[in-house]
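Quick notes on the structure that follows.
The values are calculated or read from the model by the stated rules, or taken from the named source; none is laboratory data. On a predicted model such as this, the values are computed, not experimentally measured, just so you know. A quick note on method: Cβ atoms are made from the backbone with ideal geometry, for glycine too, and the neighbour counts reach across all protein chains shown.
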Amino acid sequence: MIDTKKALQALSQNLAQVMFGKEEALNLSMIALLGRGHLLIEDVPGVGKTFLARGLAQSIGGEFKRLQCTPDLLPGDITGVSIFDQRTHTFEFMRGPVFCNVLLADEINRAPPRAQSALLECMGEHQVTVDGHTHRLPPVYMVIATQNPLEFQGTYALPEAQLDRFFMRIKLGYPDTAAELKMIASQQHGHPLDRVGPVIELEELESLQRAVEDVRVSDDVASYALTIVQATRNHPGLSLGASPRATLALLRAAQAFALIRGEDFITPRHIKQIARPVLSHRVIARSGTNAAQAADTLIGEILGSVSIPV
């Protein structure tokens, strides 16, 4: 039987070799992984979004594939295509890059809407349907998408339906002085990713994901989470509130958070600490020059207004 505490500690330490001074971002990434969710990393270029995705895949011994999103990307470039074999006179399905354990969709907002929509079934149902045939994805499957919020030319905003399928959205930000000095020193003789190996197996990760489901959720805490989500639907500053999928994601994220902290039940504190990255990308602010920042601020107001159950 897997030692949960030891496995999670090893995973955290392994990721820390790649990302310096980003403990919160690493914890949130682990929460998304344990919660069987997908991750959207929105930040400026060069802060380590790709390194985090590759480090996560290498730490679990999973197959990693990178999809560079461009304006000419087609759905078949993502899911795969059926090719006619002249020798057998049959169509053979050639699998696309989605058939892996960790898929990095780099600069996802550069892909056109048709290509973006090809990921919806993959992310929501862990399967691909091509030419009427359904192909299952691996049991451990995670999409990590990145986008640069400062670029607008040649980009396509992600539709609400796709944003809602991301378990959470995180930002990395610039490292502080001490962390950047460590980063410089770590790359004097090779890259840290070259020294990152698997610390848990895929089967062990599946066990950890099942352990998340066993973390107890009381009725009072579930009602507290639901009240927060419902408050987003009635807030005058929001034109779109969070969906029922957001309620489920919020509770699952809190379960994963509790497991990482070595606890076997969730509390309102877990819900409150994890709510912003889970909810902020699922709501739309009515006004404001920076919609993402406005949504995050309004989520904070809601968390402060909803009474915490005793």
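With respect to residue 70, determine if the residue is touching a Lys or Arg at 6+ places or on another chain (Cβ under 8 Å), among the β-branched types (Val, Ile, Thr) and surrounded by fewer than 19 Cβ atoms within 10 Å (Cβ to Cβ). Here the answer is yes, as residue 70 does meet what is asked.
Counting only residues that are touching a strand residue (DSSP E or B) at 6+ places or on another chain (Cβ under 9 Å), under 14 Å from residue 34 (Cβ atoms) and assigned to a loop (DSSP other than H, G, I, E, B), how many does the stretch 168-219 have? Number satisfying all stated conditions: 1. Pairs linking a residue in the stretch 178-203 that is more than 30 Å from residue 4 (Cα to Cα) and in the same structural domain as residue 21 (by TED's automatic domain parsing) to a residue that is of a type in the set (Lys, Arg) and part of a loop (DSSP other than H, G, I, E, B), with Cβ atoms under 8 Å and 6 or more positions apart or on different chains, do not occur. State yes or no: is residue 165 among the basic types (Lys, Arg), part of a loop (DSSP other than H, G, I, E, B) and surrounded by 14 or more Cβ atoms within 10 Å (Cβ to Cβ)? So residue 165 passes the test. Of the numbered criteria (1) crowded, with 22+ Cβ neighbours inside 10 Å; (2) out of contact with any helix residue (DSSP H, G or I) (no Cβ under 8 Å at 6 or more places or on another chain); (3) more than 21 Å from residue 278 (Cα to Cα), the one residue 95 fails is (1). Among the residues of the stretch 234-286, those identified as of a type in the set (Lys, Arg) and either touching a residue at least 12 places away in the same chain (Cβ under 8 Å) or farther than 17 Å from residue 30 by Cα (or both) are 245, 252, 269, 272, 276, 282, 286. Being buried (at least 20 other Cβ atoms within 10 Å of the Cβ), under 26 Å from residue 253 (Cα atoms) and among the small types (Gly, Ala, Ser) is the requirement here; does residue 37 meet it? Taking the combined requirement at face value, the residue satisfies it. Selection of the stretch 64-74 for residues being in contact with a Leu (Cβ under 9 Å, 6 or more places away or on another chain) and in contact (Cβ under 8 Å) with a residue 40 or more places away in the chain yields 64, 66, 73. Scanning the stretch 239-285 for residues that are among the charged types (D, E, K, R), surrounded by fewer than 21 Cβ atoms within 10 Å (Cβ to Cβ) and in a helix (DSSP H, G or I) turns up 245, 269, 272, 276. Residue check: is residue 25 touching a Leu at 6+ places or on another chain (Cβ under 8 Å) and within 28 Å of residue 271 (Cα to Cα)? In short, yes. Out of the residues in the stretch 208-234 meeting the condition of being among the small types (Gly, Ala, Ser) and crowded, with 16+ Cβ neighbours inside 10 Å, tell me which one is farthest from residue 19 (Cα to Cα). Here the residue is 231.
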